[in-house]
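Below is one structure, written out as structure tokens; comments come after it.
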Amino acid sequence: MIKEKRNKGFISGLVVSLFFLAFAGMMLFLWNHHQNPTASFPEAKKSGDTVTMKVYDIYPEPIGTIDNGHVIYLVQYDTKNDGKYAGIEAKKDDAAIKEILEKADKGELQKKPYTLKGSQLAPLQSSSNNSRNERIVNYSEFIRSVLDPSSVVALNMTKNYYFSLTEYQKDGFVFLGSSLLIIAVAISTLVASFFLRKRTIASYEELYQAYPELQGDISHVADQASYYNQELKVILYKNHLITYFKGTQAVDLRDVQQLYLTITRIRQSAISRPIYQLCCIRKDRPKKKFNMPIRNKKNAEEQLYTLYAQISEKFPEVKLGV
């Protein structure tokens, strides 16, 4: 039975919006944590963690190119004793690497090392990868192939981890991009909820103004309706077509030029679900569609035949169907 519920659909939309905002807040927290690492290379607890690295020197040319087109630079990240060395994965035109190379040419790095932020990654022994990050395969063998095993650099080279700028940048983009996308969804859901409430209130006011007998108890609509489908949440009351599935929508059929059923499929991951709506085109606004949601039922079109017959008889000027 239809009852006056001015907040129907609004509260649920508000709750969904708050859920999305909370999830976006969590993603922003992860992004902030990602942007401000506390561990230094190679002291992170696990592969994929963000770390900082101080670069004291860099070999002027990449020492290798990997399958995805990225390159590996050899850098010194510690000056104690004979020093410690590591590989940095980066794009060929990475701005930070260019800046480090310029500072190295000027001899500035030894006194004032360049601090990088990146991901500490453990290389793979095979192409099988279960982590979210792309990782280099057989990194240790590659290092042994390009460095003299007896050299100071080779003896002090970190081979169980390498430093990745590309994965760090990709993860940062994912965290921030996801946050902004979720915030946009939350805002659009919230706006739609307010718009739904506004339309619901306007529909009630229109019905009360057209039919004063409904003031105080709109449930009388069901008793006197010429068409009442409780399953689809559709009512034909005198001159008005009313739906009350998501909020309450009402339209005066004397102002309608065309009426038809639309089925829109929304795909979420691997699940596809239909959205059923009665679409009205008004005489005064022929280019604008007025959508009235009804309950999703596979046989909705068949259930509406009786409604169409009554509208065709009472309002012959309304075109039914597309």
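At a glance:
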item: Among (1) more than 23 Å from Glu134 (Cα to Cα); (2) acidic (Asp, Glu); (3) in a strand (DSSP E or B) - the single one Asp82 does not satisfy; result: (3)
item: Any hit, the range 281-291, residues being of a type outside the set (Ser, Thr, Tyr), on the phi > 0 side of the Ramachandran plot and within 28 Å of the chain's Cα centre (by Cα); result: no
item: Options Asp223, Asp284: the member that is part of a loop (DSSP other than H, G, I, E, B), open to solvent by 90 Å² or more (accessible area, probe 1.4 Å) and of a type in the set (Asp, Glu); result: Asp284
item: Breaking point among (1) free of Cβ contacts under 8 Å to residues at least 40 places away in the same chain; (2) under 17 Å from Val51 (Cβ atoms); (3) not in a strand (DSSP E or B), for Ser150; result: (2)
item: Residue in the range 149-171 that is over 25 Å from Val71 (Cα atoms) and among the aliphatic types (A, V, I, L, M) present; result: no
item: Inter-residue pairs, beta-carbon under 6 Å, first farther than 18 Å from Ala95 by Cβ and in the range 106-117, second open to solvent by 100 Å² or more (accessible area, probe 1.4 Å) and among the polar types (S, T, N, Q), 6+ apart; result: none
item: Residue within the range 41-62 that is outside any loop (DSSP other than H, G, I, E, B) and either of a type in the set (Gly, Ala, Ser) or under 19 Å from the mean Cα position of the chain (by Cα) (or both) present; result: no
item: Positions within the range 232-263 being in a loop (DSSP other than H, G, I, E, B) and either under 33 Å from the mean Cα position of the chain (by Cα) or crowded, with 19+ Cβ neighbours inside 10 Å (or both), in sequence order; result: Leu232, Lys233, Tyr244, Phe245, Lys246, Gly247, Thr248
item: Residue in the range 69-90 that is open to solvent by 50 Å² or more (accessible area, probe 1.4 Å) and either more than 25 Å from Leu155 (Cα to Cα) or in contact with a Gly (Cβ under 6 Å, 6 or more places away or on another chain) (or both) present; result: no
item: Selected residue [hydroxyl-bearing (Ser, Thr, Tyr), surrounded by fewer than 17 Cβ atoms within 10 Å (Cβ to Cβ) and in the same structural domain as Asn36 (by the TED database)] from Ser188, Ser193; result: Ser188
item: Pair list, Cβ under 8 Å, 6 or more apart: the range 271-296 residue in contact (Cβ under 8 Å) with a residue 24 or more places away in the chain, other residue small (Gly, Ala, Ser); result: Tyr276/Ala300; Pro293/Gly247; Ile294/Ala300
item: Exclusive hit being open to solvent by less than 30 Å² (accessible area, probe 1.4 Å), touching a helix residue (DSSP H, G or I) at 6+ places or on another chain (Cβ under 9 Å) and at pLDDT 90 or above, set Leu180, Leu165; result: Leu165
item: Residue within the range 200-220 that is farther than 23 Å from Lys314 by Cα, assigned to a helix (DSSP H, G or I), in contact (Cβ under 8 Å) with a residue 60 or more places away in the chain and open to solvent by 30 Å² or more (accessible area, probe 1.4 Å) present; result: yes
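The values are calculated or read from the model by the stated rules, or taken from the named source; none is laboratory data. On a predicted model such as this, the values are computed, not experimentally measured, just so you know. Methodologically, a virtual Cβ is constructed for each residue, glycine included, from the backbone with ideal geometry; neighbour enumeration extends over all protein chains shown. Quick note on the areas: whole protein, heavy atoms, side chains included, nothing else; ligands and nucleic acids left out. Shrake-Rupley method; radii C 1.70, N 1.55, O 1.52, S 1.80 Å.
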